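A short reminder: the numbers here are calculations on the coordinates, not readings from a lab. A quick note: this is a predicted structure, and the numbers were derived from the prediction, not measured. Cβ atoms come from the backbone with ideal geometry, glycine included; neighbour counts cover every protein chain shown.
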Amino acid sequence: MSTFEALTGDQAVATGMRQINPDVVAAYPITPQTETVEFFAEYVADGLVDTDFVTVESEHSAMSACVGASAAGARVMTATSANGLALMWEVVYIAASLRCPIVMSLVNRALSGPINIHCDHSDVMGMRDSGWIVLFSENGQEAYDNLIQAVRISEHADVLLPVAVCQDGFITSHAVERVEVYEDAVVKDFVGQYHPQWSLLDLEHPKTYGPLDFYDYYYEHKRQQVEAMEHAQQVILEVGQEFNLKFNRNYGLFEPYRLEDAEVAVVVTNSTAGTARVVVDQLRSEGLKVGLLKPRVFRPFPARELAAALGHLKAIAVMDRSISFGAMNNAGPLFLELAAALALHGVCAPMTDYVFGLGGRDIVPREIESVYRDVLRVAETGQVERMVTYLSVRE
Amino acid sequence: MVGTGWKDIPIGGMILEAGNAVKYRTGAWRAFRPLRGEAECIHCFQCWIFCPDSSILVDAENEKMAGFDLEHCKGCGVCASICPVNAKVIKNVGEKLAREDARLCIRMIEEGKAQE
C-alpha cells in the first residue's frame with residue numbers, strides 16, 4: 001500500500017532516492033545544495049540505504065565522481081541547484097558525452113549575480129545543449145515520480161544519457177505538500193536492477209572511457225548522442241505508460257489542461273502551471289475559452305507533438321522563468337524554441353512571451369490572469385503589440 | 001573522411017579493445033630519437049621500466065635490451081636520462097641528425113663524444 005505523507009519537494013526526492021537505493025551518490029554537502037542531500041545523508045547514517053555516499057569538496061568534483069562511478073558500472077545519483085550546477089559545467093557535458101546514465105535532482109534557482117538563492121530557471125536553461133534529458137515537475141509528487149522514472153529512462157539501452165529532474169526552488173522544494181509515497185518494494189521492482197553493459201570494473205573485458213577523440217571520430221560520437229536523444233522520447237513515453245499503469249498517474253511529454261476546445265493557451269512549466277490551472281478554471285467560469293499546456297519533457301524537445309497540441313489555438317502565450325540575453329527580442333528560451341517549433345510545423349498562431357518570476361519574484365493568479373486577458377486580446381485582433389513582456393517588473 | 005561510421009563504433013568514445021593503442025603510430029611526433037651504443041649496454045632494463053610508451057624492445061629469450069620501437073617512441077628522452085651512470089649508452093639525439101647519420105651518432109656515443 002502506498003501512503004500519503006506531508007513532505008517538502010526535497011524530502012519527496014530524498015524519499016525516492018532512499019527507495020531507489022543507488023550504488024553511489026556524490027554531492028556537495030553545503031549551499032547551494034538542497035536539503036535533499038541532508039535527508040539522504042541521514043538515510044545513509046541510519047543504514048536505510050547501502051549507498052556509497054561521497055561528500056565532495058565542490059560540484060565539479062561531485063559530477064566527476066558521478067562520472068567515474070557510473071563508468072565503473074554503478075547506479076549513480078546526485079543533487080544540485082543554481083550555481084552548484086554552474087560549477088559542474090564542464091563535467092555535465094562529459095557525463096552526457098561519455099553516456100553515463102546519472103540521475104540528478106535539480107532544484108531550479110537563479111544564477112548569480114547579484115547573489116540570489118530563489119527560484120528561476122536560469123540554471124537548467126544553461127544546460128539545455130549539454131546532452132542531458134530534462135524533465136520538469138510541478139510539485140514534490142511529480143519530482144518524486146519523475147525521479148523514479150528517470151532511472152529507467154537513463155539506463156535504457158537505447159538511451160544511456162543522464163537525466164535532470166527539475167522542480168522549483170523553495171516554491172516546491174521547501175513547501176510541504178501531500179505526496180503519495182509508494183511502497184518501497186514496488187518502487188524497487190519498478191526501477192529494477194541496473195545491468196551496466198560496459199563496466200570499468202569488468203576486469204575480464206578491459207576498456208577505456210574518455211580517451212582522446214579527435215576530428216576523426218569525435219563527430220561520429222556526437223551523432224550517436226543525437227540518436228540516443230531521438231530514442232529518448234519513445235523511451236520516456238514507454239516508461240511513463242508503465243508508470244501510469246502501476247501508480248495510476250498520467251505522465252506524457254506534456255500535460256494539457258482544458259486545451260482541447262480552448263481558443264488561447266498559456267505554456268508554462270513547473271509550479272506556476274499549478275497556479276495557472278486555477279486561473280484557467282476561474283476564466284472558464286466566465287465563459288472564456290482558455291487552456292494550459294505544461295511541458296514536462298524539455299529535452300528532448302517534443303516539437304511535433306507540441307505543434308499538434310497547440311495547432312488549433314488562435315493565440316499562444318509562453319511564460320518563461322529565465323531570459324536568453326541577447327537572443328531574439330531578449331525573449332526566454334522556452335518561447336524561442338516553441339516559436340521555432342510551431343513555425344516549422346505550420347502553426348502560425350500569434351505568440352507572445354512573458355518573462356516572470358526572476359530571482360524568486362512571486363507570481364500570483366492576478367498576473368497570470370493578465371496574461372490570459374492579453375492573449376485573448378491578441379486572438380481577437382490578431383495583432384501582437386509586444387512580443388516580449390517582462391511581467392510585473394517595476395518601471 | 002575515411003573511417004568507420006557512427007553506427008559501428010562503441011558509444012561515447014569507449015575503447016573496448018585492450019591494448020589497441022599499438023595500432024596508433026605516434027612516432028612521427030618525435031623531435032628527438034634515442035640511440036644506444038649497443039656494445040656498452042649492461043641490459044639493466046631501467047629504460048624498459050621507465051619508458052612511458054612501452055617502446056623499449058626486449059629480446060626476452062636472451063634477456064637483452066634489443067632497441068627502440070620507433071613507430072611509437074615520442075622521443076621524450078626518459079630512457080636516456082635513466083640510463084645508469086656506469087653505462088650511459090642511451091642518448092637522445094635530434095631526429096634530423098639521427099635520420100641523416102645514425103651510424104655516426106652511435107659511434108660518437110660509443111666513443112663518449114656525443115652530447116645530449
Taking the alpha-carbon centre of each part, the distance from the stretch A:12-35 to the stretch A:165-200 in Å is 10
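Taking the beta-carbon count within 10 Å as an exposure proxy, list A:R386, A:R277, A:R258 from fewest neighbours to most. Show your work: numbers first, answer last.
Values: A:R386 12, A:R277 19, A:R258 16.
By the 10 Å Cβ count, ascending: A:R386, A:R258, A:R277.
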For the protein assembly as shown, with only Lys/Arg (+1) and Asp/Glu (-1) charged at the beta-carbon, what is the dipole magnitude about the Cα centre, in debye rounded to 20? 1260
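Quick one: if you take sqrt(5λ) for each eigenvalue of the C-alpha gyration tensor of the protein assembly as shown, what semi-axes come out, biggest first, whole angstrom? Please list the in-between numbers first.
On the way: eigenvalues 659, 136, 80 Å².
Equivalent ellipsoid of the protein assembly as shown: 57, 26, 20 Å, largest first.
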Enter the Cα centre distance for the pair the stretch B:29-54 and the stretch A:281-321, rounded to the nearest angstrom. 70
Excluding residues on the same chain fewer than 8 positions from A:K207, give the aspartates and glutamates whose Cα lies under 13 Å from its Cα. B:E17
The local net charge around A:L87, scoring Lys/Arg +1 and Asp/Glu -1 for residues other than A:L87 whose Cβ lies under 12 Å from its Cβ, equals -4
Within straight cross-link reach of A:K222, meaning Cα distance under 18 Å, which lysines are found once same-chain residues fewer than 8 apart are removed? B:K7
Convex hull volume of the stretch B:29-110 per residue (C-alpha atoms, cubic angstrom): 86
Taking K and R as +1 and D and E as -1, what net charge do the other residues with C-beta under 11 Å from the C-beta of A:Q141 add up to? -4
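Shape of the stretch A:254-390 from its Cα gyration tensor (a ≥ b ≥ c, root eigenvalues): rounded if a/c is under 1.5, otherwise prolate when a/b > b/c, or oblate? Write out the running numbers ahead of the final one.
On the way: a/c = 1.26, a/b = 1.08, b/c = 1.17.
Taking the square roots of the gyration eigenvalues as a ≥ b ≥ c, the stretch A:254-390 is rounded.
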Can you compute the modelled spin-label distance between A:L48 and A:V278, with each label point 7 Å from Cα toward Cβ, in nm? 3.1
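Relative contact order (percent) for chain A, with alpha-carbon contacts under 8 angstrom and 6 or more residues of separation? Don't skip to the answer; put the middle values down first.
Numbers: 810 pairs, mean separation 61.7, N = 395.
Relative contact order of chain A: 16 percent.
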Which lysines, if any, have their Cα less than 19 Å from the Cα of A:K314, not counting same-chain residues under 8 positions apart? A:K289, A:K294
